[in-house]
Amino acid sequence: MTGEARFLVDATGLFGGSESRLELCTEVRLADMELSEVGLESAVVDGRLEVDLVLERTGSDRPPGEPADPRRPGSEAVLAAGTVQGRWTAPCRRCLEPTFGDLGAEVSELFEEHPTEGETWPLTEAGIDLGPMLREVALLSIPLAPLCRSECEGPAPDRFPTGPVGDEGSDIDPRWSVLDELTFDG
């Protein structure tokens, strides 16, 4: 990452107050929203994401408003559930011209005081940093091999055909001709 994708949410109301849910519906602008490809243009999320999440306190059996028990570390967690939407740009897999699209992802991620690497996200005293999670969700929503249009034939369709192979009997290597005699009728 060249920049820091940060979006810090103050969650003190979830733990110190009577609230057990926090609704978050906003547009977020994050930096460093690109996937680099060696020798090609990068796939990029424009950085503006529409976030519609509900942050909900979980993993605690204490009543709302009661302070957390310092003798029970890791007993607090927050579930972030909702949707993330945005726009992406990437090179077409055939012609390499820029192509665009919308991304949309369902989110259901857990934030804990003691996160499990690759499974949950950190929950700190400063709050919940949704930035890394939003970055990962958005970048994983970009298509792996986007097309500018379904009928795209690429930069030189005569040299690099993308359709089904035609009847080119003269181009068949004679060593493979024995395979023409095979039948697959039961």
Being at pLDDT 70 or above and under 24 Å from Leu140 (Cβ atoms) narrows Ala31, Ala11, Ala5 down to just Ala31
Taking segment 164-186 and keeping residues assigned to a helix (DSSP H, G or I) and modelled with pLDDT under 65 leaves Gly169, Ser170
Note on segment 78-117: residues part of a loop (DSSP other than H, G, I, E, B), loosely packed, with under 14 Cβ neighbours inside 10 Å and without any contact (Cβ under 8 Å) to a residue 24 or more places away in the chain are Thr116, Glu117
Answer yes if at least one residue in segment 36-58 is in a loop (DSSP other than H, G, I, E, B) and either farther than 30 Å from Cys152 by Cα or at pLDDT 85 or above (or both), and no otherwise.
no
Per the filter on segment 121-147, residues surrounded by fewer than 18 Cβ atoms within 10 Å (Cβ to Cβ) and farther than 14 Å from Arg87 by Cα are Pro122, Thr124, Glu125, Ala126, Gly127, Pro132, Glu136, Leu144, Ala145, Leu147
Within segment 152-163, the residues that are modelled with pLDDT of 65 or more and exposed (fewer than 10 other Cβ atoms within 10 Å of the Cβ) are Ala156, Asp158, Arg159
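The values are calculated or read from the model by the stated rules, or taken from the named source; none is laboratory data. Owing to the predicted nature of the structure, the values given are computational and were not obtained by experimental measurement. Backbone-built Cβ (ideal geometry, glycine too); neighbour counts: all protein chains shown.
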